[in-house]
1. Report yes if some residue within the range 238-252 is in a strand (DSSP E or B), open to solvent by less than 20 Å² (accessible area, probe 1.4 Å), without any contact (Cβ under 8 Å) to a residue 40 or more places away in the chain and of a type in the set (Asp, Glu); otherwise report no.
2. Quick check, is GLY476 at pLDDT 50 or above, out of contact with any Gly (no Cβ under 9 Å at 6 or more places or on another chain), closer than 24 Å to ILE28 by Cβ and surrounded by fewer than 17 Cβ atoms within 10 Å (Cβ to Cβ)?
3. Select from the range 251-271 the residues that are modelled with pLDDT of 65 or more, of a type in the set (D, E, K, R) and farther than 30 Å from GLY466 by Cβ and list them in ascending order.
4. Output the number of residues of the range 47-69 satisfying the condition of being open to solvent by 60 Å² or more (accessible area, probe 1.4 Å) and touching a Ser or Thr at 6+ places or on another chain (Cβ under 7 Å).
5. So ASP274 ticks every box in (1) over 23 Å from the mean Cα position of the chain (by Cα); (2) modelled with pLDDT of 90 or more but one. Which box is left unticked?
6. Here is a list of conditions, (1) closer than 26 Å to CYS14 by Cα; (2) part of a strand (DSSP E or B); (3) small (Gly, Ala, Ser); (4) out of contact with any Pro (no Cβ under 7 Å at 6 or more places or on another chain), and SER79 meets all of them except one; can you say which number that is?
7. Evaluate the range 92-110: report whether one residue or more is closer than 20 Å to LEU124 by Cβ, part of a loop (DSSP other than H, G, I, E, B) and open to solvent by 10 Å² or more (accessible area, probe 1.4 Å).
8. With (1) within 24 Å of the chain's Cα centre (by Cα); (2) part of a strand (DSSP E or B) as the list, and THR60 as the residue in question, which single condition is left unmet?
Amino acid sequence: MEQRSWKWTDAHFCSLPSQTSIYGCTKIMNNINGTNKLLVASLVGKFFTIDYQRIFDKLTPSTKEVQFTYIPGESEIVSVDATNKCRHGNGLTIGITFWKLEENESKQFLHTYYAAQSGEEFNLESVAQGCQSLELNFMPYHLTHTKLIEGNNTETVFLLSGSDSKVHLYREVSYQHSFKEEDCEEFFPEFKNFTSVVLWLDVLYYNNNTRRISVTGHQDGVLNVAVVDIQKCDILKSFSVEFDNPITYVKTFSLFNKVPRPSFLPPEEGDDEDSDDDVLPELNILVLSALIPATIYRDILHNGLKEPVFLPDSNKFDAVLTGCIIDIDFDGENEILIGTYGQEVLAYKLNSSAIEPQVHGFSSTVAETSTQDQGSPTKPRHWSGENETSSKPKCEATRRVKSHENLSASVGSDTDYVPLSSSKDTVIMKPQLLTNVKSANSAVNDVSGTSCRLLWQRSFPCPVMGINHLDIMGDGMEDLVIVTLKGLHILQPDLNEVAEVCLERLRLLACDTSRSDITVVGSQDSFETFSLPSEKSDISSTQSESKNVKDSSDVTQTEAER
């Protein structure tokens, strides 16, 4: 398909009364009506939901404050998480951690919220009233949730990292809307013997939930990766590497997006082989460290941590705090987005595994253990040896620091700032245009000789604390959500370009003459009236676009009518 320049535009902005943290935003997904919301927590204890509602046949953004009970006004929110797949039922459960001072003594709590009344499981006002309080004897950090598989039973549990260098597990009590702490090492043996605080953890299941990979990033710069057999609860492989500064974010991802094959298409040859449990998927790990370039470890199930790829220029905008994996150019391959304290969002394109990753010229000692050699006392270093100064990557380039700017100024709307380009639109340029961009302020730089390149770069008015993606507008397309210290930005792709892509792919599907059992429903005129809802964007020249589709299509009138 023809390469095009993609444009992401501002759809909505919501200001916050006070700053948030890297753990202060979570997604709320309603399995009943399919709507999605965002829940954002400020440090002073105020919570806001952002969603889109249809008013007078138009989509309108809506921001509402939610009052969660039993959170004192002098408390400071640490982290928040939401899940809608609990052990019993299918309701929404929200977890909130905070701390407060009582008689010059710090006390920490984990509150879980649920709807006590039947039929109100996804009503946030009802959920915010049903509270269970658990006092903690440690300072909470990252709160997340994951699946817990025991035999044929699958449930969702909360995982919470703490200042005691442990990961704590909170499990729902049978037939009760309450949680209690259980031994995490019994179900997650990879989360034991940690020597530093876990700042971020990520758990991914694969091979039909028979294996999982757990990644933890620590305050002392240690990255731990473990591959676990679910049925035996044994660690099959473990890897470890140490950076020179805290690890702020980790994420396990696949480069390619797999979509289930439609039932009306015949199965392709090799589909059964791809579903074999013995086939290892190609999984990568994104590691964000505070002061050095963002790192990607390619195909960790085969290569371990032996082939790091560095994202160019990712360390030039102050500390790297957050990241996200999303396909922003609609080509079926995921891109890597990172957010920095220097108020920048950088989007990178990672080449396929056919291109060998470039390893920077430095020596990195990686400890790899299996079930036979887990007791190795080796302490690996990631270009941190004092005798390896000549082999360190050159990361001493001038860093663009914006942390001294006045962050207390209120941001009223998304028009109060100007991104790197002269407009509010973020443009992903065509690959053939990358080599022609030489300006230092350009949104795209061509990095030759590496296996990734910078697609675009976007400035924001405050440090970026979180990046997320979800279909918040309900149109089937995922939108970008950028959380800064003082507000939340929602970006959406250009709908004219999305409409063109939909037409092209529908035409390719209709023209697939190799599939004799495919029948095109309707006439060719049905393509002419294809458009997206007018309340989100004005799609102009529909008839002209449809005419181009008709002229360029190989579908004959007879085939289309059939």
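The values are calculated or read from the model by the stated rules, or taken from the named source; none is laboratory data. All values derive from a computational prediction rather than experimental measurement. So basically every Cβ, Gly included, is an ideal-geometry build from the backbone, and we count neighbours across all protein chains shown. Keep in mind that these areas ignore ligands, DNA and RNA; they rest on the heavy atoms of the full protein, side chains included. Shrake-Rupley method; radii C 1.70, N 1.55, O 1.52, S 1.80 Å.
1. Among the residues of the range 238-252, not one is in a strand (DSSP E or B), open to solvent by less than 20 Å² (accessible area, probe 1.4 Å), without any contact (Cβ under 8 Å) to a residue 40 or more places away in the chain and of a type in the set (Asp, Glu), which makes the answer no.
2. On the way: at pLDDT 50 or above: yes; out of contact with any Gly (no Cβ under 9 Å at 6 or more places or on another chain): yes; closer than 24 Å to ILE28 by Cβ: yes; surrounded by fewer than 17 Cβ atoms within 10 Å (Cβ to Cβ): yes.
Yes; evaluated as a whole, the condition is true for this residue.
3. Within the range 251-271, the subset modelled with pLDDT of 65 or more is 251-268.
Of the ones still in play, those that are also of a type in the set (D, E, K, R) are 251, 258, 261, 268.
Within the range 251-271, ARG261, GLU268 meet the criteria.
4. Total satisfying the criteria: 2.
5. Unmet condition: (2).
6. (4)
7. no
8. (1)
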